[in-house]
1. I'd like to verify a number: residues in region 1-24 that are open to solvent by 90 Å² or more (accessible area, probe 1.4 Å), part of a strand (DSSP E or B) and either in contact with a Gly (Cβ under 8 Å, 6 or more places away or on another chain) or not charged (D, E, K, R) (or both), how many?
2. Looking at 77, 52, can you tell me which residue is open to solvent by 40 Å² or more (accessible area, probe 1.4 Å), of a type outside the set (Lys, Arg) and closer than 18 Å to residue 178 by Cα?
3. Count, please, the residues in region 32-49 that happen to be outside any strand (DSSP E or B) and over 23 Å from residue 177 (Cα atoms).
4. Is there a residue being out of contact with any helix residue (DSSP H, G or I) (no Cβ under 7 Å at 6 or more places or on another chain), of a type in the set (S, T, N, Q), buried (at least 16 other Cβ atoms within 10 Å of the Cβ) and modelled with pLDDT under 95 anywhere in region 25-37?
5. Regarding residue 107, is this residue open to solvent by 20 Å² or more (accessible area, probe 1.4 Å), within 17 Å of the chain's Cα centre (by Cα) and among the small types (Gly, Ala, Ser)?
6. Filtering region 68-84 down to residues that are of a type in the set (A, V, I, L, M, F, W, C) and either within 14 Å of residue 20 (Cα to Cα) or assigned to a loop (DSSP other than H, G, I, E, B) (or both), which residue is farthest from the chain's Cα centre (by Cα)?
7. Under 6 Å between Cβ atoms, at least 6 apart or on separate chains: pull out the pairs that start in region 32-52 with a residue that is among the hydroxyl-bearing types (Ser, Thr, Tyr) and end on any residue that is open to solvent by 50 Å² or more (accessible area, probe 1.4 Å) and modelled with pLDDT under 95.
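The values are calculated or read from the model by the stated rules, or taken from the named source; none is laboratory data. Fair warning: this is a prediction, and the values are worked out from it, not measured in the lab. Ideal geometry is used to build each Cβ from the backbone, glycine not excepted, and the neighbour counts take in all protein chains shown. Only protein heavy atoms, including side chains, enter the accessible area calculation; ligands, DNA and RNA are left aside. Shrake-Rupley method; radii C 1.70, N 1.55, O 1.52, S 1.80 Å.
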Amino acid sequence: MRKAEIIKLNGETKFYVTQDVDLILDLSETREPSKLDVIFDTPGVSCHLIGLYVLNENEKLDIQTRAIHNVRNTSCLQDIRGVLRDNADSKYIGSIIIEQAASQTESFLDDAVLVLGKGTKNQSDPTLEIKNNDVKASHGSTTGRISDEELFFLQSRGLSKNEAENLIVEGFFEKLLNQIEDEKVREEIFQKITEKLNQ
């Protein structure tokens, strides 16, 4: 089974990838601007970085992640998913840095935010810094709202508006959660997401 590790992100953190790993960010207690460097100094290893968060009313999150590829034949996928309720404020900077010696690298970044409330702020800045041509790299960022049709459909089946929103949010996170092979880690992260949704 692929190794899974949880990192609580507060302040600056460096993580050196020495074997294939699912690296999950626990952002439930992140209160200050925080930065994570995922560093590849070992050839042939891969990392799936997963960050899931829910910001309730007036909460803020300010994080930065960087995948730094220093050697050849490494791969990284950064997947960040967030949910914003009323007056929540999210800032995310995601970077891919591929040095000249890091040929045959594959590195991708995907950031998606689901807006539930009013007065929200979301700043997403994906960046690429590539010094080698023999690589594959891309980034993407999306922000959207739950459609009224989705909510109406679920409410017509007897769910309250809050229950309907929570069900949609769970589905929004489920695809990534299911990619975590370690069941204990997966359940721990799911429990923290559920607790935030029910606050």
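1. 1
2. From the options 77, 52, the qualifying one is 77.
3. So the count comes out to 6.
4. So far as region 25-37 goes, yes, one or more of its residues are out of contact with any helix residue (DSSP H, G or I) (no Cβ under 7 Å at 6 or more places or on another chain), of a type in the set (S, T, N, Q), buried (at least 16 other Cβ atoms within 10 Å of the Cβ) and modelled with pLDDT under 95.
5. Against the criterion (open to solvent by 20 Å² or more (accessible area, probe 1.4 Å), within 17 Å of the chain's Cα centre (by Cα) and among the small types (Gly, Ala, Ser)), residue 107 does not qualify.
6. The qualifying residue farthest from the chain's Cα centre (by Cα) is 71.
7. 34/10
Let's see how each residue does on (1) in a helix (DSSP H, G or I); (2) open to solvent by less than 70 Å² (accessible area, probe 1.4 Å); (3) within 14 Å of residue 82 (Cβ to Cβ); (4) not hydroxyl-bearing (Ser, Thr, Tyr):
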position	(1), (2), (3), (4)
166	yes, yes, no, yes
171	yes, yes, no, yes
187	yes, no, no, yes
190	yes, no, no, yes
193	yes, yes, yes, yes
196	yes, yes, yes, yes
